[in-house]
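The values are calculated or read from the model by the stated rules, or taken from the named source; none is laboratory data. Keep in mind that this is a model prediction, so the values were computed, not measured. Neighbour counts are summed over all protein chains in view; Cβ atoms, including those assigned to glycine, are modelled from backbone coordinates with ideal geometry.
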Amino acid sequence: MKVAIETVNLRIYYGRNRVIENVNLKIPENVVFAIMGPSGCGKSTLLRSFNRLLELNPNARVEGDVRLYGRSVYDMNPIEVRRKIGMVFQLPNPFPHMSVFDNVALGLKLNSLVKSKKELHKIVEWALKKAALWDEVKERLHEPGSALSGGQKQRLCIARVLAVKPKIILMDEPTANLDPISAEKIEKLICELKKELTIVIVTHSPAQAARISDYVAFLYMGKLIEVGKTKEVFEDPKEKLTKEYLTGKIW
Amino acid sequence: MLREVKEKLFLCGIAIMAALAVLPLFHIIYSVAARGLPVLLKGGLKFLSGTLAPPGDGLGGIGPAILGTFILTSLASLIGLPIAVMTGVYAAEYPESILGRLTRSLLTIMMEFPTILVGLFVMQILVIPMGSYSAIAGALALAIVMMPYVAVYTEEAFKNIPFTYREAAFGLGLTRFKVVFRVLARMAKKGIVTGMLIGMAKVAGETAPLLFTAGGLNRIYFAGIDRPVGAIPLLIYNLVQQPYENYHEIAWGASLVLLLIFLAIFLPLRLSLKEVKL
């Protein structure tokens, strides 16, 4: 089993506040790895340290290490890290001033990843198909991304990330703002994508973690309480806190 | 009963104060139109294109001043807009840096800075060394007046973009340059353009920065950017101080032209502002 992402004694601070305490995680390749925990436990912060997006926040400081296939992301150029580790956000955020097509093409064009228009069209179509969106938007590629429904927007964001062909996709509560039917489509898509990619998904819903993940980590107040195969953690949690979280006693 | 009367009196009082505050604006527009329109009608097209009449003899035209205002505004934009937009981007992108914070407060001070001092400054650094008033000196003074407005609007436009789009753009592995100029700048476009137009409208009507820099030019149209140039506000300032009746008439006509230019930039702007959703 190859390890895609590994954190070593990871500690994260906002100013003087320590929000993540000594997290050691190993995330295997080609799985859906869920990080669950109550709101404010540091899930999103932890996720953003993997692709160094946390650096957009000038108050955040990271100690310890995050390794991508054995190599420290903090020794790499953040641009390179983010091309290998894509991200989908809680709020579906296609660029509202760009068409559906341009949203997907943006990363390819600006990163000079394609040589010709033909190749660009091919990859955009491929990404939209992979994101299970092609059939719904193939007639409206030139409409603005903001004209789509909430669920379609989120799949457009997934297509936008897929187009630059990352190895890993981080998802920060991707269904939190969606209706149940749209959420189900995204969940199906996630299970489909893990054949080729590693997916790390943050969720505040244990039910969602149980439905879609192979591995799950439980984070509480910045501490990693328990981690393991999803089935094992849900059927036989080792820690009292995990048990309480899964039975709804803490949230 | 007494309380109701008091309340009505109070409301009346406020309404009267408010009316007093906006009254001068309408009075200015009214009197400029009432005294300027007959001049424009009498002078016809020649009033817009011709050169200044001799003292006490007819209307002639204010062509050099109109052309000068366009030259000065364009040159000032050419100098000021790129610098101002970059300054705004810098202040928005690096708000935590010492220079970023300094820029922010300096811009606010610059907006309120007495414009005549800007004129004095440019006179010192350009007019005296060159030995002559010039279009380039006037344009530089106007550029300095224009820049803080454009920079502050640009900064605001960038800051109003929700953080999630910034994250999305960086998350794709784009460099900061591409995030700012290829993604965010296009989202902030309306705000930036608004700032540019407000800056241009502002300097098109400025007099004080031109007093010691542009020099004025009324009998020929254009002599070169290193030579004196006319401007409508400057022409009005000079004409009303003359003892000749026809010069006062020309000044009113020129005032109306200036007002129309200002409104032509400003009204579409105000109307289109409503469409901007943030």
Unique match (being surrounded by 22 or more Cβ atoms within 10 Å (Cβ to Cβ), away from every other protein chain (no Cβ under 14 Å) and farther than 19 Å from A:SER44 by Cβ) among A:ALA131, A:ALA147, A:ALA159
A:ALA131
Which number in (1) more than 14 Å from chain A (Cβ to nearest Cβ); (2) under 30 Å from B:GLU112 (Cβ atoms) marks the one condition that B:ILE161 misses?
(1)
Number of the exception - A:LYS195 against (1) within 14 Å of chain B (Cβ to nearest Cβ); (2) within 25 Å of A:LEU120 (Cα to Cα); (3) modelled with pLDDT under 95:
(1)
I'd like the full set of residues that are free of Cβ contacts under 8 Å to residues at least 12 places away in the same chain, surrounded by 12 or more Cβ atoms within 10 Å (Cβ to Cβ) and of a type outside the set (Gly, Ala, Ser), limited to the stretch B:29-51.
B:PRO38
Cβ-Cβ below 9 Å, separation at least six or inter-chain, first residue in the stretch B:81-95 and under 21 Å from B:VAL145 (Cα atoms), second assigned to a helix (DSSP H, G or I) and among the aromatic types (Phe, Trp, Tyr): which pairs?
B:ALA84/B:TYR149; B:ALA84/B:TYR153; B:GLY88/B:TYR153; B:GLY88/B:PHE158; B:VAL89/B:PHE158; B:VAL89/B:PHE181; B:ALA91/B:PHE158; B:ALA92/B:PHE158
Yes or no: the stretch A:202-216 includes at least one residue that is over 22 Å from A:CYS41 (Cα atoms) and touching a strand residue (DSSP E or B) at 6+ places or on another chain (Cβ under 9 Å).
no
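For every residue, the table says whether it meets (1) of a type in the set (Ser, Thr, Tyr); (2) in a helix (DSSP H, G or I); (3) within 14 Å of chain A (Cβ to nearest Cβ); (4) closer than 25 Å to A:ASN59 by Cβ.
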residue	(1), (2), (3), (4)
B:GLY100	no, yes, yes, yes
B:THR108	yes, yes, no, yes
B:LEU120	no, yes, no, no
B:MET123	no, yes, no, no
B:LEU126	no, yes, no, no
B:ALA169	no, yes, yes, yes
B:VAL183	no, yes, yes, yes
Quickly run through the stretch B:57-98 and pick out the residues that are surrounded by 21 or more Cβ atoms within 10 Å (Cβ to Cβ), aliphatic (A, V, I, L, M) and in contact with a Phe, Trp or Tyr (Cβ under 6 Å, 6 or more places away or on another chain).
B:ALA92
Options B:ALA157, B:ALA141, B:ALA151: the member that is assigned to a helix (DSSP H, G or I), of a type outside the set (D, E, K, R) and in contact with a Pro (Cβ under 8 Å, 6 or more places away or on another chain):
B:ALA141
Kindly indicate which of B:ALA188, B:ALA204 is at pLDDT below 95, in contact with a Ser or Thr (Cβ under 9 Å, 6 or more places away or on another chain) and within 13 Å of chain A (Cβ to nearest Cβ).
B:ALA188
Pairs needed: first member in the stretch A:234-251, farther than 17 Å from A:ALA34 by Cβ; second member anywhere, part of a helix (DSSP H, G or I); C-beta distance under 6 Å; at least 6 residues apart or different chains.
A:ILE250/A:GLU244
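This table checks each residue for (1) over 18 Å from A:ILE85 (Cβ atoms); (2) surrounded by 22 or more Cβ atoms within 10 Å (Cβ to Cβ); (3) out of contact with any Asp or Glu (no Cβ under 8 Å at 6 or more places or on another chain).
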site: A:GLN208; (1), (2), (3): yes, no, no
site: A:ALA217; (1), (2), (3): no, yes, no
site: A:MET221; (1), (2), (3): yes, no, yes
site: A:GLY228; (1), (2), (3): yes, no, yes
site: A:VAL233; (1), (2), (3): yes, yes, no
site: A:ASP236; (1), (2), (3): yes, no, yes
